Amino acid sequence: MPLPKIEFCDSWIYDDQWRYFYQKLGKEYPAHGKLPARLRRLEKAWQKDGDRILREMEKATGLRWQEKKIQCFVVGRMVPFSFPLTIMVEEGPIERTVDILTHELIHQLFVQNDKGGEAYGAWAHIHRKYKKEPFNTRIHIPVHAVHHRVLGKLFGEKRLEREMASLKGFPEYERAWEIVLEEGAEEILAEFRERVGK
Ligand SMILES: [Zn+2]
């Protein structure tokens, strides 16, 4: 299966929903006119590194991308999520946005494989082994292990540290990083891969 193409989308209606939401909270929201240039910046950055990132995710998990195309909606402000894949692009270093997108795409890879049940055994193991941890922590143990490998292999230690630092203050995510560092990303991934397809 070839790697999926990420199609970056600007939906005026969708962006407007987020604007409405933030403005109700009395918060600032960027003008829609700013989005096209931000979207192109991200598109360019993704063209450079995207395929290597997507390939490394497959190697890390033992899973394959199931879809040829993934739409990624780009909006002015929100907390990113994976389905429908939606992120915000702010001013500042575009690598940060690539790293946020990578996190959400790791979730996407898992979601795409849910349908065929490919990773059922692997996830059952995670939920059993870490049953005392909150659900969100359990979910993020494999996600962070994959991200650790992608960042470590392709971009180096500094970028990895910046990613970990960005989740400081979010206890469930911090805990998942703690477990990944304690047990080792590669060890967690090996245990995961062993159970794929079972
Ligand atoms: Zn996540």
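The values are calculated or read from the model by the stated rules, or taken from the named source; none is laboratory data. Everything quoted here is computed from the prediction, not taken from an experiment. Cβ sites come from the backbone with ideal geometry, for glycine too, and all protein chains shown count toward neighbours.
Restricting to region 66-110, name every residue that is surrounded by 20 or more Cβ atoms within 10 Å (Cβ to Cβ) and part of a loop (DSSP other than H, G, I, E, B).
Those that are surrounded by 20 or more Cβ atoms within 10 Å (Cβ to Cβ) and part of a loop (DSSP other than H, G, I, E, B): 76, 89.
Determine whether region 22-36 contains at least one residue that is away from the ligand (no atom under 15 Å from the Cβ), assigned to a helix (DSSP H, G or I), without any contact (Cβ under 8 Å) to a residue 12 or more places away in the chain and not polar (S, T, N, Q).
Yes.
For the condition farther than 15 Å from residue 55 by Cα, away from the ligand (no atom under 16 Å from the Cβ) and of a type in the set (A, V, I, L, M, F, W, C), what is the one hit in 122, 176?
122
Of these, 153, 198, which one is touching a helix residue (DSSP H, G or I) at 6+ places or on another chain (Cβ under 9 Å), at pLDDT below 95, under 21 Å from residue 63 (Cα atoms) and of a type in the set (Lys, Arg)?
That would be 198, the only listed residue that is touching a helix residue (DSSP H, G or I) at 6+ places or on another chain (Cβ under 9 Å), at pLDDT below 95, under 21 Å from residue 63 (Cα atoms) and of a type in the set (Lys, Arg).
Are there any pairs, at least 6 apart or on different chains, whose C-beta atoms fall under 9 Å, with the first in region 1-18 and within 28 Å of residue 59 (Cα to Cα) and the second of a type in the set (S, T, N, Q) and surrounded by 16 or more Cβ atoms within 10 Å (Cβ to Cβ), and if so, which?
1/66; 4/66; 4/108; 4/112
Which residue pairs have Cβ atoms closer than 9 Å, lie 6 or more positions apart in sequence or on different chains, and pair a first residue in region 127-151 that is on the phi < 0 side of the Ramachandran plot and surrounded by 15 or more Cβ atoms within 10 Å (Cβ to Cβ) with a second residue that is in a loop (DSSP other than H, G, I, E, B) and at pLDDT below 95?
140/167; 142/119; 144/167
State the number of residues belonging to region 113-122 that are in a helix (DSSP H, G or I) and surrounded by 20 or more Cβ atoms within 10 Å (Cβ to Cβ).
Result for region 113-122: 2.
Within region 126-134, is there a residue that is under 30 Å from residue 25 (Cα atoms) and not in a helix (DSSP H, G or I)?
There is at least one residue in region 126-134 that is under 30 Å from residue 25 (Cα atoms) and not in a helix (DSSP H, G or I).
What is the number of the single condition among (1) in contact with a strand residue (DSSP E or B) (Cβ under 7 Å, 6 or more places away or on another chain); (2) modelled with pLDDT under 95 that residue 72 does not meet?
That leaves (2) as the condition not met.
If the requirement is being farther than 28 Å from residue 153 by Cβ and of a type in the set (Asp, Glu), which of these qualifies: 90, 28, 56?
Answer to the check: 28.
Matching residues to (1) touching a residue at least 24 places away in the same chain (Cβ under 8 Å); (2) closer than 20 Å to residue 141 by Cα; (3) within 15 Å of the ligand (Cβ to nearest atom):
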| site | (1), (2), (3) |
| --- | --- |
| 76 | yes, no, no |
| 79 | no, yes, yes |
| 82 | yes, yes, yes |
| 86 | yes, no, yes |
| 89 | yes, no, no |
| 92 | no, no, no |
| 95 | yes, no, no |
| 102 | yes, yes, yes |
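Of these, 80, 4, 93, which one is farther than 30 Å from residue 117 by Cα and not polar (S, T, N, Q)?
Answer to the check: 93.
Restricting attention to region 104-119, which residues are more than 16 Å from the ligand (Cβ to nearest atom) and free of Cβ contacts under 8 Å to residues at least 12 places away in the same chain?
Result: 117, single match.
For the condition crowded, with 21+ Cβ neighbours inside 10 Å, in contact (Cβ under 8 Å) with a residue 60 or more places away in the chain and more than 16 Å from the ligand (Cβ to nearest atom), what is the one hit in 154, 63?
Checking each option against the conditions leaves just 63.
Checking the condition modelled with pLDDT under 95 and farther than 30 Å from residue 11 by Cα, which residue from 92, 184, 121 passes?
121
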